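Please read the structure below before turning to the comments.
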Amino acid sequence: MAEFHFKVRELTLTKMDIQKKHPKADENTSTLNNEQIKELILKIVSMPETQLRKYVFLLNNDELKVIAGYIPYNYFQSDGLRIPLDNLFYVIEKRLDNKPYLLIILYSEWQKCYDNKECNGCMLKFLKRIEEKYHDQYTWFRYLYKALEAENLLLYLAGEIQKQVFAENSNFEWAYTGLGFEVNNKLYYDLESLYYCLCRKEEYIRCENLLSIVTRYYIYDTVLKSFFANFFEKFSVTELVRTYYSRFQKVLLFIKGRTGEPDSKKWKDFFNYSDISDESIEKFIDWINFKDISDAFGNDERSIFWRKYKFRKIEKMTESQALVMYFRYHFVVEFLGKANGPLYIYEDKKQIRREVLANSRNLNNTKFRKKLLHSHYFERIIHSGDWEYKTDSFLKENNIAHKLEER
């Protein structure tokens, strides 16, 4: 089959074109009830070829449309019946010459139930038989044909869409309809979901409904992990926290709802045995910490200062209104609120953690401050004068922390 190239703007036979050319294709309603449809389907699939050759021309429009619409679903087979599709495809093929809208009904319904493997196998054979006549008539025919031949149907179509998005600097829907397919069906939604696990950075930025797409991944951990890996590969932490990328905040919060907090059982269950890189996970942790610091301090000078740094994790003590920020081998305690008090830097050793933090989560602000004042801290810095410079210098001189841009 010859290679086919087209520009997305040069569409042929959109849905509107099809409806103009084959108005009966949109009249896919039937006067037959379910029992009558079942009787018709069973009669045809059990009919010998010699009898079927004659019978096929006795079928009326209503019956033909029912058959074309039934094929992709083959729902009677789920009743324990064996319903081979060969005779049904034969009926459509023999009546296409004077009923071309049957092909449109078949193609339209297939997009709503594209993952029926038995149907796909028969559909490919069917398309091969009618290829010479219809290959150049419908844009979608060429892509459907190749997709059914491919090892993975969705991956093939996602790849073709990506080529057109790149060539035309367009978006998913524009390129998808450019292949001749219809929107708002199972194929569209599943392909859109997969596409954003593979796309480029520019396409994430252009996508206006990324959150609604990602929420579809919720029950499919493997797909959500694929999205996570691709998304975090494309962006730096500093890009993610810029105002320009604020539309991503809800997406990332949704993912955090699925992963839980760093080091939690939920977190480990999500990331264990995944192909997600350590670098991508680290970016996500950096983003979580950046957000937690912003939420805790608001937009004051401490928030601006601490958001520059990379932390292992952050813990808020509600009762004492304290924030514990963990570096690799040290941790810092800051107090929230107006009477914030000094900051304390500690070596993260077991005995010091026990001294400072054990049984402290239920202490009120006054008692916890008093406890820290008499603790074995590494450094204590008061928030006055050039405290930012002092703190930054101390962290740097003791090789305690690294800044986000130093990753």
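Each row is one residue, and each column tells you yes or no for (1) over 28 Å from CYS199 (Cβ atoms); (2) in a loop (DSSP other than H, G, I, E, B).
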{"site": "SER246", "(1), (2)": "no, no"}
{"site": "GLN249", "(1), (2)": "no, no"}
{"site": "LEU252", "(1), (2)": "no, no"}
{"site": "GLU282", "(1), (2)": "no, no"}
{"site": "TRP287", "(1), (2)": "no, no"}
{"site": "ALA296", "(1), (2)": "yes, no"}
{"site": "PHE311", "(1), (2)": "yes, yes"}
Q.
If I filter the stretch 171-179 for residues that are touching a residue at least 60 places away in the same chain (Cβ under 8 Å) and of a type in the set (Ser, Thr, Tyr), do I get at least one hit?
A. yes
**Q.** the stretch 152-197, residues that are of a type in the set (Val, Ile, Thr) and crowded, with 18+ Cβ neighbours inside 10 Å
**A.** ILE161, VAL165, THR177
Q) Which of the following residues is touching a Pro at 6+ places or on another chain (Cβ under 8 Å) and among the aliphatic types (A, V, I, L, M): ILE304, ILE293, ILE288, ILE314? A) ILE288
Q) Of the residues in the stretch 105-117, how many are at pLDDT 95 or above and assigned to a helix (DSSP H, G or I)? A) 6
Q.
Only one of ARG302, ARG258 is assigned to a helix (DSSP H, G or I), outside the structural domain of PRO342 (by TED's automatic domain parsing) and not β-branched (Val, Ile, Thr). Can you tell me which?
A. ARG258
Q) Can you tell me how many residues in the stretch 356-396 are farther than 23 Å from TYR329 by Cβ, basic (Lys, Arg) and surrounded by 12 or more Cβ atoms within 10 Å (Cβ to Cβ)? A) 2
Q.
Testing ILE130 on (1) in a helix (DSSP H, G or I); (2) within 26 Å of the chain's Cα centre (by Cα); (3) of a type in the set (Val, Ile, Thr), one condition comes back false. Which one is that?
A. (2)
Q | Residue match in the stretch 79-96 (condition: within 22 Å of GLU160 (Cα to Cα), of a type in the set (S, T, N, Q) and in a helix (DSSP H, G or I)) | A | no
Q) Among the numbered criteria (1) touching a helix residue (DSSP H, G or I) at 6+ places or on another chain (Cβ under 9 Å); (2) under 22 Å from GLU388 (Cβ atoms); (3) surrounded by fewer than 18 Cβ atoms within 10 Å (Cβ to Cβ), which single criterion is violated by ARG328? A) (1)
(Q) Looking only at the stretch 304-324, count every residue that is under 28 Å from ASN362 (Cβ atoms), in contact (Cβ under 8 Å) with a residue 12 or more places away in the chain, under 33 Å from the mean Cα position of the chain (by Cα) and surrounded by fewer than 19 Cβ atoms within 10 Å (Cβ to Cβ) and tell me the total. (A) 3
Q: May I ask you to list the residues in the stretch 348-407 that are in a strand (DSSP E or B) and at pLDDT below 90?
A: LYS403
Q) Could you give every pair whose Cβ atoms fall below 7 Å, whose first residue belongs to the stretch 31-51 and is surrounded by fewer than 10 Cβ atoms within 10 Å (Cβ to Cβ), and whose second residue is part of a helix (DSSP H, G or I), counting only separations of at least 6 or pairs across chains? A) THR31/ASP62
Q. Tally time: how many residues in the stretch 38-81 are more than 13 Å from LYS99 (Cβ to Cβ) and more than 36 Å from the chain's Cα centre (by Cα)?
A. 20
Q: Please tell me if LEU154 is in a helix (DSSP H, G or I), within 17 Å of VAL223 (Cβ to Cβ), in contact with a helix residue (DSSP H, G or I) (Cβ under 7 Å, 6 or more places away or on another chain) and not hydroxyl-bearing (Ser, Thr, Tyr).
A: yes
Q) When SER277 is evaluated against the numbered criteria (1) within 32 Å of the chain's Cα centre (by Cα); (2) over 24 Å from LEU404 (Cα atoms), which criterion, by number, is the only one it fails? A) (2)
Q | Check on TYR145, under 18 Å from the mean Cα position of the chain (by Cα) and either within 30 Å of LEU404 (Cβ to Cβ) or assigned by TED's automatic domain parsing to the domain that holds GLU109 (or both) | A | no
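The values are calculated or read from the model by the stated rules, or taken from the named source; none is laboratory data. Computed from a predicted structure; not experimentally measured. Using ideal geometry, Cβ is built from the backbone for each residue, glycine included, and neighbour counts are taken over all protein chains shown.
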